[in-house]
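S.K.: Would you mind keeping the following structure in view while I ask a few things?
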Ligand SMILES: Nc1ncnc2c1ncn2[C@@H]1O[C@H](COP(=O)(O)OP(=O)(O)O)[C@@H](O)[C@H]1O
Ligand SMILES: [Mg+2]
């Protein structure tokens, strides 16, 4: 049977028996063997949905990622696979190759040696030589001593200096695969520079916060020369934090509109994409693009996804991305060129502390739940274009202390539903009144309380450098 025929049969078998894991693995392996890494990826993923801890499926998926150039994604997965003492030798060797690409040489050597010890068939003298291991001695004692300890000589140059400059060649199962050093691959992936149409007039209330933003952001950018004359840097990073649904994203956009700067918005999905290795280089090109468009606001929404300090994110891939982000941030400061980096997060305590060093996100602003003026404004916006009569927005705002923007939306939705039910009975649509909104509000609780319960603990017990003083002030503690 030819390979092609075998693929047809395996596909058919999987179609008939979609929950059969070994079958799916066989299909995925065959696809990968046939060089169809994309399709293989889909099958491995489907298999892992059925058997989440299946080591061979994970290894297969990691091989797909590696072949598809999704290096970080492969790293995250392999880090998990090799933790299992039963992991096959080739998993360690593949991991070693990816680590070498990151110049994590010591770790790469360790993984390579473990792999070859488990499965001598995985030895690759050329790769070993690049790791600084002497030919003919691919398998030194587990803890090299004396002479052997010198096997690793300095840090070899993986990415440049050799004839295959910029490339890390990896061979796997005899099939050679080449991984481009993706330096230039994403340079064309230019993000959109928006010109936000909203400014501070669209942000209801929050006067203190607006004033703070004027002093810390808008004046320095607008009078860059003056600030430079006094030796003060313009640009850098500012972090907005606070409970969800309370206007961080709204405020960041309004700030960009207020400066009349362009804004490049990087959302959670872009960030996660970088995380799983689809577009690490994009980070560099994003910063480059912001510099070219200065004055420009580079806005990272939900930035904690990028700089998480949670232990599950402490992987090589994650560290790599975080380090890259930090060095770009430092660059934005060094070139002092009117790039303002704004970040927003609901969970500042999940941010790696390195993010808050001077010149990075060193200015951190608390965005509290909307005050009474902001609440009235949010309600007004929500009711625009709906049938209404004499709604006293201020009265409703006063009765919705602690409600987020999203909570207020729920108040309006509830009131409208009540009206609809009535209208269905009477057949006459009646306009919304103050009473309807108040009734709806009375049935709802502000969702910000839960956030404050968490925030309070960080403010009380992990308030290094007074980072969370504003929370204490807000809670009157
Ligand atoms: N001060 C405000 N003025 C006007 N609209 C607001 C204000 N604060 C919040 N909103 C609205 O509330 C909703 C939630 O705000 P958003 O910025 O998405 O919150 P966050 O980013 O903090 O989760 C949005 O529809 C936003 O327009
Ligand atoms: Mg938001």
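The values are calculated or read from the model by the stated rules, or taken from the named source; none is laboratory data. Note that the structure is a prediction, hence the values are computed from the model and not measured. So basically every Cβ, Gly included, is an ideal-geometry build from the backbone, and we count neighbours across all protein chains shown.
S.K.: Starting from residues that are modelled with pLDDT of 90 or more and more than 16 Å from residue 203 (Cβ to Cβ), keep the ones in region 234-248 and report whichever is nearest to ligand 1 (Cβ to nearest atom).
M.R.: Taking the candidates together, the pick is 244.
S.K.: Say we look at region 279-315 and pick out the residues that are within 16 Å of ligand 1 (Cβ to nearest atom) and modelled with pLDDT of 85 or more; which of these is nearest to residue 355 (Cα to Cα)?
M.R.: Within region 279-315, the match that is nearest to residue 355 (Cα to Cα) is 300.
S.K.: On to the next question. Select, from 29, 38, the only residue that is assigned to a helix (DSSP H, G or I), modelled with pLDDT of 90 or more, out of contact with any helix residue (DSSP H, G or I) (no Cβ under 6 Å at 6 or more places or on another chain) and within 18 Å of residue 90 (Cα to Cα).
M.R.: From the options 29, 38, the qualifying one is 29.
S.K.: Between 459, 430, 453, which is more than 30 Å from residue 356 (Cα to Cα) and without any contact (Cβ under 8 Å) to a residue 60 or more places away in the chain?
M.R.: When all the criteria are applied, what remains is 430.
S.K.: Out of the residues in region 363-397 that are within 25 Å of residue 472 (Cβ to Cβ) and in contact with a strand residue (DSSP E or B) (Cβ under 7 Å, 6 or more places away or on another chain), which is nearest to ligand 2 (Cβ to nearest atom)?
M.R.: Here the answer is 367.
Yes/no matrix, rows are residues, columns are (1) within 20 Å of the chain's Cα centre (by Cα); (2) touching a residue at least 12 places away in the same chain (Cβ under 8 Å):
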position	(1), (2)
33	no, yes
42	no, no
46	no, yes
50	no, yes
65	yes, yes
68	no, yes
73	yes, yes
81	no, yes
87	no, yes
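S.K.: Does residue 416 fit the bill of being closer than 30 Å to residue 215 by Cα, modelled with pLDDT under 95 and either outside any helix (DSSP H, G or I) or more than 16 Å from ligand 1 (Cβ to nearest atom) (or both)?
M.R.: Numbers: closer than 30 Å to residue 215 by Cα: no; modelled with pLDDT under 95: yes; either outside any helix (DSSP H, G or I) or more than 16 Å from ligand 1 (Cβ to nearest atom) (or both): yes.
The answer is no for residue 416.
S.K.: If you check every pair at least six apart or on different chains, which have Cβ atoms under 8 Å apart with a residue in region 218-244 that is at positive phi first and a residue that is assigned to a strand (DSSP E or B) and modelled with pLDDT of 75 or more second?
M.R.: 235/339; 235/340; 235/341; 236/340; 236/341; 236/363; 242/366
S.K.: Filter region 420-456 for residues that are surrounded by fewer than 18 Cβ atoms within 10 Å (Cβ to Cβ) and in contact with a strand residue (DSSP E or B) (Cβ under 8 Å, 6 or more places away or on another chain); which is farthest from residue 380 (Cα to Cα)?
M.R.: Ranking the qualifying residues of region 420-456, first place goes to 431.
S.K.: Related question: Please state which one of 7, 57, 23, 49 is part of a helix (DSSP H, G or I) and either within 20 Å of residue 82 (Cβ to Cβ) or modelled with pLDDT of 90 or more (or both). Explain how you work it out, then say what you get.
M.R.: On the way: 7 fails: either within 20 Å of residue 82 (Cβ to Cβ) or modelled with pLDDT of 90 or more (or both); 23 fails: either within 20 Å of residue 82 (Cβ to Cβ) or modelled with pLDDT of 90 or more (or both); 49 fails: either within 20 Å of residue 82 (Cβ to Cβ) or modelled with pLDDT of 90 or more (or both).
Answer to the check: 57.
S.K.: Can you give me the number of residues within region 194-213 that are surrounded by 15 or more Cβ atoms within 10 Å (Cβ to Cβ) and assigned to a helix (DSSP H, G or I)?
M.R.: 6
S.K.: On the basis of being in the same structural domain as residue 241 (by TED's automatic domain parsing), surrounded by 13 or more Cβ atoms within 10 Å (Cβ to Cβ) and touching a helix residue (DSSP H, G or I) at 6+ places or on another chain (Cβ under 9 Å), does residue 360 make the cut?
M.R.: For residue 360, the condition - in the same structural domain as residue 241 (by TED's automatic domain parsing), surrounded by 13 or more Cβ atoms within 10 Å (Cβ to Cβ) and touching a helix residue (DSSP H, G or I) at 6+ places or on another chain (Cβ under 9 Å) - is met.
S.K.: Could you grab me the full set of residues in region 249-278 that are at pLDDT below 85, crowded, with 21+ Cβ neighbours inside 10 Å, away from ligand 2 (no atom under 16 Å from the Cβ) and under 24 Å from residue 346 (Cβ atoms)?
M.R.: If the condition is that a residue be at pLDDT below 85, crowded, with 21+ Cβ neighbours inside 10 Å, away from ligand 2 (no atom under 16 Å from the Cβ) and under 24 Å from residue 346 (Cβ atoms), then 274, 275 are the ones that fit.
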